[in-house]
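Have a look at the structure below, then the notes.
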Amino acid sequence: MKVLESNAVKGFISMANDGWLQGWHERNGGNLSYRLTAAEAAEMADDFDKGGEWNAVGASVPQLANETFLVTGSGKFFRNVQSDPEASLCILRLDDKGESYKILWGLKNGGRPTSELPAHLMNHEAKLIAAGGKHRVIYHAHPANIIALTFLLPLEDRVFTRELWEMATECPVVFPDGIGVVPWMVPGGREIAVATSRLMRKYDAAVWAHHGLFCSGESFDLTFGLMHTIEKAAEILIKVMSVTGGAKRQTIQPENFRALAKEFNVTLSEDFLYDKQV
Ligand code: 2HA
Ligand code: ZN
């Protein structure tokens, strides 16, 4: 099978385009990665380049040894993914130590995998361990409202989680574990990857202060939906803060969250249900 005929690849391209249409990917902003199943990698193996050299990942992810990933390219624009996937994306395979990768397909005009490859792979590894292999998608985008909040709220997991939960009743059902916050750090390297993957053990989403958001999920729909839900909640909070500076006349209270958790069968940590003024 040709790579571009695969349903997994089609789903990846359509998610990338959805992110572009949301306005989350100015210029070359953001990146997306998908861990292929063994069956998906096998069915398109005929279309893979058999040669190619090994390149350093810039991080060590031994739990992902020999795994195959579809990722966006460094410096490539989400805007062009749908019209020219073969120039914008690549499929890579890790070596048996999880320290080097080889490109099997894509980047036909040259280039490298996403500059955030260490963060993507370390997040995949953290999720492989924490979620037993169910998660396959890691998504990084630059949605404006969640970024704006990193100038306004304390950079604390408990504050971001609680404020976003209050903005839409379904938020605690969509991300019951909460959301983590990484303080400002230089992007693209191992240090920010380590900080993010530490949070990803606990949460499915991590904010990068003054930069963007990382989300993890089992499918393209769930991961895109998580990014979308968080950004929508952030937009509502920005609207409220724009009008009143943050004061709320009424909101969802801790006892309301506890009732919701019971009805929707989710566990909400009491760490996020602290007492505060409205
Ligand atoms: O430009 O988003 O974090 C790609 C990025 C880097
Ligand atoms: Zn970014």
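The values are calculated or read from the model by the stated rules, or taken from the named source; none is laboratory data. Keep in mind that what you see is a predicted model, and the values were worked out from it rather than measured. With ideal geometry, Cβ positions are generated from the backbone for all residues, glycine too; neighbour counts draw on all protein chains shown. Each accessible area value is taken on the protein alone, full model and side chains, heavy atoms only, with ligands, DNA and RNA left out. Shrake-Rupley method; radii C 1.70, N 1.55, O 1.52, S 1.80 Å.
Might you check whether a residue that is surrounded by fewer than 20 Cβ atoms within 10 Å (Cβ to Cβ), of a type in the set (S, T, N, Q) and within 16 Å of ligand 2 (Cβ to nearest atom) occurs anywhere in the range 100-115?
yes
Looking at the range 65-81, I want the residues that are at positive phi and have a partner that is of a type in the set (Ser, Thr, Tyr) with Cβ atoms under 8 Å, at least 6 apart or on another chain. Which pairs are those?
Filtered contacts from the range 65-81: 75/115.
Inspect the range 63-84 for any residue being in contact with a Gly (Cβ under 6 Å, 6 or more places away or on another chain) and open to solvent by 40 Å² or more (accessible area, probe 1.4 Å) and give the result as yes or no.
No, the range 63-84 contains no residue that is in contact with a Gly (Cβ under 6 Å, 6 or more places away or on another chain) and open to solvent by 40 Å² or more (accessible area, probe 1.4 Å).
Restricting to the range 64-110, and then to whatever is among the charged types (D, E, K, R), under 18 Å from residue 16 (Cα atoms) and out of contact with any Lys or Arg (no Cβ under 6 Å at 6 or more places or on another chain), can you tell me which residue is nearest to ligand 1 (Cβ to nearest atom)? Give the steps one after another, and end with the answer.
As a first pass, look at the range 64-110 and keep what is among the charged types (D, E, K, R): 67, 76, 79, 84, 86, 93, 95-97, 99, 102, 108.
From what's left, under 18 Å from residue 16 (Cα atoms): 76, 79, 84, 86.
Going one step further and asking which of them are out of contact with any Lys or Arg (no Cβ under 6 Å at 6 or more places or on another chain), we end up with 76, 79, 84.
Working: 76: 9, 79: 13, 84: 18 Å.
Only one residue fits best here, namely 76.
Would you pick out the residues in the range 23-49 that are within 16 Å of ligand 2 (Cβ to nearest atom), in contact (Cβ under 8 Å) with a residue 60 or more places away in the chain and either over 21 Å from residue 223 (Cα atoms) or in contact with a strand residue (DSSP E or B) (Cβ under 8 Å, 6 or more places away or on another chain) (or both)?
Our first condition is that a residue be within 16 Å of ligand 2 (Cβ to nearest atom); within the range 23-49, this holds for 23-33.
Going one step further and asking which of them are in contact (Cβ under 8 Å) with a residue 60 or more places away in the chain, we end up with 23-26, 29-33.
Matches in the range 23-49: 24, 25, 29, 30, 31, 32, 33.
Specify the residue that is nearest to ligand 2 (Cβ to nearest atom); the eligible residues are those in the range 204-219 that are in contact with a strand residue (DSSP E or B) (Cβ under 9 Å, 6 or more places away or on another chain) and open to solvent by 30 Å² or more (accessible area, probe 1.4 Å). Steps first, please.
Here is the first cut: in the range 204-219, the residues in contact with a strand residue (DSSP E or B) (Cβ under 9 Å, 6 or more places away or on another chain) are 204-209, 211-219.
Still in the list and also open to solvent by 30 Å² or more (accessible area, probe 1.4 Å): 204, 211, 218-219.
Details: 204: 18, 211: 6, 218: 23, 219: 22 Å.
Residue satisfying both the conditions and the ranking: 211.
In the range 7-17, how many residues are buried (at least 16 other Cβ atoms within 10 Å of the Cβ) and out of contact with any Asp or Glu (no Cβ under 6 Å at 6 or more places or on another chain)?
We begin by selecting, within the range 7-17, every residue buried (at least 16 other Cβ atoms within 10 Å of the Cβ); these are 8-9, 11-13, 15-17.
After this cut, where a residue has to be out of contact with any Asp or Glu (no Cβ under 6 Å at 6 or more places or on another chain) as well, the list is 9, 11-13, 15-17.
Qualifying residue count for the region: 7.
For the range 236-253, which positions are under 18 Å from residue 170 (Cα atoms) and open to solvent by 70 Å² or more (accessible area, probe 1.4 Å)?
Once the filter is applied, which keeps residues that are under 18 Å from residue 170 (Cα atoms) and open to solvent by 70 Å² or more (accessible area, probe 1.4 Å), the range 236-253 yields only 250.
State whether one or more residues within the range 175-194 are in contact with a Phe, Trp or Tyr (Cβ under 7 Å, 6 or more places away or on another chain), open to solvent by less than 40 Å² (accessible area, probe 1.4 Å) and more than 27 Å from residue 254 (Cα to Cα).
no
Among what's in the range 18-55 and is small (Gly, Ala, Ser) and part of a loop (DSSP other than H, G, I, E, B), pick the residue that is surrounded by the fewest Cβ atoms within 10 Å (Cβ to Cβ). Steps first, please.
If we filter the range 18-55 for residues that are small (Gly, Ala, Ser), which is where we start, we get 19, 23, 29-30, 33, 38-39, 41-42, 45, 51-52.
From the residues that got through so far, the ones that are part of a loop (DSSP other than H, G, I, E, B) too are 23, 29-30, 51-52.
Numbers: 23: 12, 29: 16, 30: 24, 51: 7, 52: 14.
The residue in question is 51.
Checking the condition within 14 Å of ligand 1 (Cβ to nearest atom) and at pLDDT 95 or above, which residue from 130, 168, 119, 148 passes?
When all the criteria are applied, what remains is 119.
Determine whether the range 186-194 contains at least one residue that is free of Cβ contacts under 8 Å to residues at least 12 places away in the same chain, within 20 Å of residue 240 (Cβ to Cβ), hydrophobic (A, V, I, L, M, F, W, C) and not in a helix (DSSP H, G or I).
Let us first name the residues in the range 186-194 that are free of Cβ contacts under 8 Å to residues at least 12 places away in the same chain, namely 186, 191.
Filter again for within 20 Å of residue 240 (Cβ to Cβ), leaving none.
No; the residues of the range 186-194 include none that is free of Cβ contacts under 8 Å to residues at least 12 places away in the same chain, within 20 Å of residue 240 (Cβ to Cβ), hydrophobic (A, V, I, L, M, F, W, C) and not in a helix (DSSP H, G or I).
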